[in-house]
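The values are calculated or read from the model by the stated rules, or taken from the named source; none is laboratory data. Source: prediction; values computed, not measured. Virtual Cβ from ideal backbone geometry, glycine too; neighbours counted across all protein chains shown. For accessibility, only protein heavy atoms count, side chains too; no ligands or nucleic acids. Shrake-Rupley method; radii C 1.70, N 1.55, O 1.52, S 1.80 Å.
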Amino acid sequence: MPRPAGLGALGEGGTGIVLKVRDQTGTLYALKQLKPSAVTAERRKRFANEIRFCMQVAHPHVLRVLDHGIVRREGIDCPFYVMPIYEGTLRTLINKGISAERALKFFKQIL
């Protein structure tokens, strides 16, 4: 996969950030990366497990990892992976006021 160009953050948590990126062909993706301030041996291990799980499980409710690697940020090697870009998250839908019935359908799929 060609080196993506960053287009801004889609979301951020305590240890990671998800960026909207575009490759050289113009295709949009999401790139998840550990924050430099959050990189520890344990978090690297968890992140690697997340990548491995997503690459091994082919299911419509599990994201696909298209590429992964290491990027150097602030002098620290930060793991990342690239995935298809999705319209939103369950949190986005909840914040928009999704009905309880629809939310329960999503939770059943997740479980």
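What the table below lists for this structure:
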{"read-out": "Heavy-atom accessible area order for F47, F80, largest first, 1.4 Å probe", "value": "F80, F47"}
{"read-out": "Exposure ranking of I51, I70 by accessible area [1.4 Å probe, largest first]", "value": "I70, I51"}
{"read-out": "Ellipticity estimate at 222 nm from DSSP helix runs (n ≥ 4, -39,500 (n - 2.57)) divided over the chain, nearest 500", "value": "-9000 deg cm²/dmol"}
{"read-out": "Exposure of H68 as accessible area (Å², to 10), given a probe of 1.4 Å and all protein chains", "value": "90"}
{"read-out": "Integer Hz, Karplus 6.51/-1.76/1.60 couplings in order for the stretch 81-88, x for Gly and Pro", "value": "9, 10, 9, x, 8, 10, 5, x"}
{"read-out": "Area accessible to solvent at R52, 1.4 Å probe radius, in Å²", "value": "110"}
{"read-out": "Base-10 log of normalised Debye intensity for the stretch 50-111 (one unit scatterer per alpha-carbon) at q = 0.13, 0.15, 0.19, 0.29 Å⁻¹", "value": "-0.52, -0.65, -0.86, -1.18"}
{"read-out": "Whole-number D in µm² s⁻¹ for the stretch 16-75, Kirkwood Cα-pair radius fed into Stokes-Einstein, 4 °C, 1.567 mPa s", "value": "100"}
{"read-out": "Lysines with Cα under 17 Å of K105, excluding same-chain neighbours fewer than 8 positions away", "value": "K96"}
{"read-out": "Exposed GluC sites (Glu not before Pro) absent - longest run of the chain, DSSP non-H/G/I/E/B, at most 12 other C-beta within 10 Å", "value": "1-73"}
{"read-out": "Spread of Cα-to-Cα distances over 5 Å intervals beginning at zero, given as percent, for the chain", "value": "2, 11, 19, 21, 20, 15, 8, 4, 1, 0"}
{"read-out": "Most to least accessible of Y29, Y81, Y86 (protein chains only, probe 1.4 Å)", "value": "Y86, Y29, Y81"}
{"read-out": "L31 accessible area, assembled protein chains, probe 1.4 Å, Å²", "value": "20"}
{"read-out": "The chain, accessible surface, carbon-and-sulfur percent (1.4 angstrom probe)", "value": "53"}
{"read-out": "Cross-link partners of K32 among lysines (Cα-Cα below 21 Å; sequence separation of 8 or more within a chain)", "value": "K20, K45"}
